[in-house]
Amino acid sequence: MGNCCNKKDFESPEEVARKEEAHKAYVDANGTKVAAKLGVPVDEIVFVLPGTDLSKLDIYEEAVTKGYKNIHLMNGTHIVPKGVTFYEPVIVSGDGREKTIVEGAGFVIKGKIDKNCTFIDLTIRNNMTAGLKGDGGMSFDCRRVKFDTCGVGVIAHGTKGRLTNCQVTNCFYSGIHSVCGGTIEIEGEESSINNNRKGAAAGDPVCKNSYGLKASDSAIIHLLSPLTKEDVSTNNGVVRGHKVNHNYNYSKTPPGTIGTVNSFSE
């Protein structure tokens, strides 16, 4: 299995030993359960200690080089000050939305459009970019992921993403933005997009065109029945006291589409 203990040249041998012991203790106690959830052998998972700067360590490169597709972020806070860009398929999992926290610049997905990245059971928060951006490459799936206090929670730019039982809250601009022919699919009774557009209170002019759900330039946001845009996207603010609906928008030329469907297309 991968052993990412956030080793640094200036760390003492005692500190390195402490982290290696903590890593081993976690895998011994939780590795079998994590492997069962992901459906892979425990020795094909790269386990990452909290406190790790994910943008500096070669965690993703290690997984790709060894042919692993699973990176598990242990209980605690992980740092991404410069963001991480994925070019090859990977599954990034955590111990739960309240337990595994990723703070910083978030994740960007590129690569080949016929491949996929998956994110499971974690929270991405406290960044002024996008929590997750699909940028014209691989599709993405998010399961039980929370996006909180980001610039924009989730962006699909010319690609496809699916959010299952995810929440997008307290973002500075839009909660979810599908653009340039992108598609975002939303399913699950725990789905919620609320209290976004925080920049409006600060008078940021960009927020005038920000929404809880935003689809533009022939893009699509589909919600799986019985979900509706009215139920899922709520409390996303007004512009300086004007009674304008900023929970969802599908304007611009050519316009986007937001609506409920009975099934998702493959």
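Laboratory data are not the source of any read-out in this text; all were calculated from the coordinates shown. Computed from a predicted model, the values in this text were never measured in an experiment. With ideal geometry, Cβ positions are generated from the backbone for all residues, glycine too; neighbour counts draw on all protein chains shown.
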Can you tell me which of Lys82, Lys146 is touching a strand residue (DSSP E or B) at 6+ places or on another chain (Cβ under 8 Å), within 18 Å of Leu54 (Cα to Cα) and basic (Lys, Arg)? Lys82
In segment 186-231, which residues are touching a strand residue (DSSP E or B) at 6+ places or on another chain (Cβ under 6 Å) and over 21 Å from Thr129 (Cα atoms)? Ile186, Glu187, Gly188, Ile220, His222, Leu223, Leu224, Ser225, Thr228, Lys229
When segment 16-75 is examined, which residues are found to be closer than 20 Å to Arg143 by Cβ and acidic (Asp, Glu)? Glu44
What tally of residues in segment 63-89 results from selecting those that are of a type outside the set (Val, Ile, Thr), crowded, with 16+ Cβ neighbours inside 10 Å and touching a residue at least 40 places away in the same chain (Cβ under 8 Å)? 8
Scan segment 126-140 for residues that are surrounded by fewer than 20 Cβ atoms within 10 Å (Cβ to Cβ), touching an Asp or Glu at 6+ places or on another chain (Cβ under 9 Å) and either of a type outside the set (S, T, N, Q) or part of a strand (DSSP E or B) (or both) and report the count. 0
